[in-house]
Amino acid sequence: MQKLQRKLCAPRELVSGEFEIAGEIFPVRHLSGDFFKVMQLDSVLGLIVGDIAGKGLSAGIWQAHLMGLIQRAARKHSAPADAVADVNRELCQDQDERPLMALFFARLDPQCNDLIYCNAGLPAPLLLRQNKTVDRLEAGGPMLGAMPQAAFQSGKVRLNPGDMLIAYSDGVTECRNSQDEEFEIARLSAAAGAVSGASANQALFSTLAAVLDFADACPPGDDLTLLVVRRRGTTMKESPHSRSKHFSASRVRPTSPLRQKKADRKETIPYN
């Protein structure tokens with residue numbers, strides 16, 4: 001089952017034009033209730049981060065079904081808010097004991113560098129700008145599975161050279177240390193900002209390491225999931241793989257899971 005989950009969440013690292021994307025899940029149990037997905041939607045990329053209420057088997061068994069609902073809706077609707085609303089209606093029609101789900105869904109256009117998104121119940125993703133400001137992507141609606149007629153909105157941002165998007169589950173910012181302090185958004189912003197010039201994959205694992213270092217001897221109480229999207233800066237060297245502006249499976253390079261410890265609102269969350 002764990003191998004199936006990892007396969008459903010592939011690819012874990014890819015390059016598309018000027019964009020690098022990397023994602024990873026650090027589960028607290030054998031099965032995770034968190035998931036992410038990057039998929040091709042015609043000329044754009046679909047980005048998904050989800051958090052199913054509960055942990056372990058109870059949440060994990062829903063994952064394939066819910067990811068199927070999301071991918072069908074993403075191909076049916078061009079507006080992320082419409083796709084998310086469709087998933088919510090489908091989920092609410094299920095007469096069985098359905099789970100609640102938080103979901104961030106976005107469409108990234110590598111040609112015009114625009115990101116159109118809908119955030120339903122997850123902590124607002126952070127867009128760390130090269131000029132050291134931070135935008136929080138808050139447009140969206142409530143968690144899915146509770147209200148069939150819930151309303152959702154799409155938001156739109158443009159990713160400039162050097163900008164980096166961090167989408168994450170609440171297990172990241174709610175991770176606690178021995179003093180019962182939470183990692184919180186300010187620490188997440190600072191940890192990601194400290195490696196803002198690095199690749200998306202390096203930023204991902206450096207940020208996850210910062211969360212686990214903060215927790216120290218306290219095991220995380222919830223799954224940790226991060227999805228990092230970085231637009232290369234104009235001065236950064238490009239790899240040969242970055243020159244094509246189209247998604248290609250041949251450029252997908254899987255990464256190892258991290259198993260060891262070691263609308264939009266402008267925020268004044270500094271990072272150095």
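The values are calculated or read from the model by the stated rules, or taken from the named source; none is laboratory data. Note that the structure is predicted; figures quoted are calculated from it, not measured. Every residue, glycine as well, gets a Cβ built from its backbone with ideal geometry; the counts of neighbours run over all protein chains shown.
Points worth noting:
- Of all the numbered requirements in (1) under 29 Å from residue 63 (Cβ atoms); (2) in contact with a Ser or Thr (Cβ under 9 Å, 6 or more places away or on another chain), residue 132 misses one, and that requirement is (1).
- Residue match in segment 34-47 (condition: modelled with pLDDT under 90, more than 19 Å from residue 226 (Cα to Cα) and not acidic (Asp, Glu)): no
- Annotation note: Cβ proximity below 8 Å between a residue of segment 83-103 that is farther than 15 Å from residue 68 by Cβ and a residue that is β-branched (Val, Ile, Thr) (sequence gap 6+ or interchain) occurs for 100/52.
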